[in-house]
Amino acid sequence: MHIHETRYMNIADRPATVVLVESIADDVAAYAFSSRVSGHHAAHHGYKLTEREARRLGLAIPAGKYYRR
C-alpha cells in the first residue's frame, strides 16, 4: 500500500481525512475518515469513496492507474 495523497478537509461541515492509496495490484482507491487522523489510519479504518466522490473532492487518478471498484 502506497499513499499518494492525504488531504485534511471539511465534509458536511465536519473535519475529515481523505487519502488516495495505491495497492499492490497497481490500482488506486480513496478512503475517508470522519476526523483528522494520519493518512495511514484513514486508509485502514476509513470508508471507501466511489470514484465519483473522489473526483468531486478534487482527487486526481494518476495516469495509467485504474480506480478500484
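Would it be correct to say that residue 5 is acidic (Asp, Glu), at pLDDT 90 or above, open to solvent by less than 80 Å² (accessible area, probe 1.4 Å) and under 9 Å from the mean Cα position of the chain (by Cα)?
So residue 5 passes the test.
Could you list all residues from region 19-69 that are closer than 11 Å to residue 4 by Cα and among the β-branched types (Val, Ile, Thr)?
Those that are closer than 11 Å to residue 4 by Cα and among the β-branched types (Val, Ile, Thr): 19, 21, 28, 61.
Quick check on residue 64: is it among the small types (Gly, Ala, Ser) and within 11 Å of the chain's Cα centre (by Cα)?
no
Looking at region 8-25 only, could you name the residues that are open to solvent by less than 30 Å² (accessible area, probe 1.4 Å) and over 15 Å from residue 61 (Cβ atoms)?
Scanning region 8-25 gives 16, 17.
The values are calculated or read from the model by the stated rules, or taken from the named source; none is laboratory data. All of these numbers come straight from a predicted model, not from anything done at the bench. With ideal geometry, Cβ positions are generated from the backbone for all residues, glycine too; neighbour counts draw on all protein chains shown. We work out accessible area using only protein heavy atoms, side chains counted, and drop any ligands, DNA or RNA first. Shrake-Rupley method; radii C 1.70, N 1.55, O 1.52, S 1.80 Å.
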